[in-house]
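**Student:** Have a look at the structure that comes next, please.
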Amino acid sequence: MKIAIVGAGNMGRAIIDGLLDQVDASDIIISTPENPTLQPWVNQRAFTIVHDNTELLALDFDYLIFTTPAKVTLNIMQTLAKLPAKTTILSAAAGIRLADMKDAFTNQHNLAIFMPNTPVAINAGTIGTTILADNASAKEAILNLLNVLGDTFEISETDFGIFGTVAGCGPAFVDIFMEALSDAAVANGLNRQLSYQVISSMLKGTASLQMATGQTPAELKNTVTSPGGTTIKGVLALEAQPFRRAVTDAIDAANHN
């Protein structure tokens, strides 16, 4: 399986790092403008590098993934319009629709748009995708590729905005929550570095338990709030602040920018 990637910005590199878990570097082609700051990262691996997107037309690969900004992606797609039909094409460019991709290419391709987040770099991404494929096996192949990068969810194109807000912006909101927990832990005498380790482990375990059991967060909360106990007192103190409203406002603001 050979994969070509257009773009080596932050998300492009994150996707490539995730793919390297199961794809040899020698099977990855990267199309990116010359950039000296990328050289140390490139030199560590046996990628094929091209600096002109049209060079891809002379190369053989099974998948083409666009990680470039939407404002340039359509133009790049049009320069690659005559790619062979066997090439499966995926786009991570926000705002690019399947209809845009169909219009850009001369041949009929299996297509997918997907919304990743940066944890794809360590194969722990949360990915939304909409797929337009000829058959079930082609669709499964696309899902298998994306699943290398993390948990993949098939969604409708109309849900891409809110999915991207929750999965893409959510990590920043969680980081702020983690920072606040750490500050409180330090204020109460815990070492800063240890507090980060404890908080990260706690969040990982909590999320894993929810995914494993299928219980709602409310149900899980109830299992650790004993009558008269410390946890329910902390919960009430949290609820006394506009915590839920702050989260809702953050999502709404990010989703309607």
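Computed from the coordinates by the stated procedures, all read-outs in this text should not be read as laboratory data. Since this is a predicted model, take the numbers as computed values, not measurements. Cβ coordinates were reconstructed from backbone atoms using ideal geometry, including for glycine residues, and neighbour counts include every protein chain displayed.
**Student:** Between the range 127-182 and the range 193-207, how far is it from one alpha carbon centroid to the other, in angstrom?
**Tutor:** Here the answer is 23 Å between Cα centres.
**Student:** Starting from 0.36 nm per residue, how many nanometres of slack lie between Phe177 and Leu98 once their C-alpha separation is accounted for? Mind dumping the intermediate values first?
**Tutor:** Numbers: separation 79, 0.36 × 79 = 28.44 nm, distance 3.58 nm.
Additional length available on full extension: 24.9 nm.
**Student:** Still on this structure: Can you give me the orientation-averaged projected area of the convex hull built on the Cα atoms of the range 121-257, in nm²?
**Tutor:** On the way: hull surface 43.8 nm².
So the Cα hull casts an average projection of 10.9 nm².
**Student:** Ok, one more. Take the eigenvalues of the Cα gyration tensor for the range 1-119, scale each by 5, and report the square roots as semi-axes in whole Å, largest first.
**Tutor:** On the way: eigenvalues 93, 47, 38 Å².
Listed largest to smallest, the semi-axes of the range 1-119 are 22, 15, 14 Å.
**Student:** Then there is this: Which of the residue pairs Lys139/Lys221; Lys204/Lys233; Lys2/Lys102; Lys2/Lys71 have a Cα-Cα distance greater than 28 Å in the structure shown? Please report the intermediate quantities before stating the final value.
**Tutor:** Working: Lys139/Lys221 38 Å; Lys204/Lys233 23 Å; Lys2/Lys102 22 Å; Lys2/Lys71 26 Å.
Too far apart for the 28 Å limit: Lys139/Lys221.
**Student:** To the nearest 500 deg cm²/dmol, what mean residue ellipticity at 222 nm is calculated for the chain from DSSP H runs of n ≥ 4 alone, each contributing -39,500 (n - 2.57), summed and divided by the residues? Can you show the working numbers first?
**Tutor:** Details: 11 runs with 119 residues, N = 257.
It lands at -14000 deg cm²/dmol.
**Student:** For Ala141, what is the net charge nearby, where nearby means another residue's Cβ is under 13 Å from its Cβ and Lys, Arg count +1, Asp, Glu -1?
**Tutor:** Overall, the nearby charge balance is -1.
**Student:** Also, quick follow-up: Please report the equivalent ellipsoid semi-axes of the chain, computed as sqrt(5 x eigenvalue) of the Cα gyration tensor, largest first, in whole Å. Each step should come with its number before you reach the end.
**Tutor:** Numbers: eigenvalues 323, 86, 55 Å².
Over the Cα atoms of the chain, the ellipsoid semi-axes are 40, 21, 17 Å.
**Student:** For the chain, what's the relative contact order in percent, using C-alpha pairs closer than 8 Å and at least 6 residues apart?
**Tutor:** Details: 346 pairs, mean separation 34.3, N = 257.
Rounded, it is 13 percent for the chain.
**Student:** Cut-off 10 angstrom, C-alpha nodes, Gaussian network model of the chain. Which of Asp151, Asp183, Asp21 fluctuates the most?
**Tutor:** Asp183
**Student:** Count charges around Trp41 for me, please; just the other residues with Cβ under 13 Å from its Cβ, Lys/Arg as +1, Asp/Glu as -1.
**Tutor:** +1
**Student:** Further, regarding this structure: By the scheme Lys and Arg +1, Asp and Glu -1, what is the net charge of all other residues having a beta-carbon under 11 Å from that of Ile127?
**Tutor:** Numbers: positive: none; negative: Asp151, Glu154.
Charge balance near Ile127 sits at -2.
**Student:** I want the antiparallel fraction of DSSP beta bridges within the chain, as a percent rounded to 5. Walk me through the numbers before you get to the answer.
**Tutor:** On the way: 5 of 28 bridges.
Beta bridges within the chain, antiparallel portion: roughly 20 percent.
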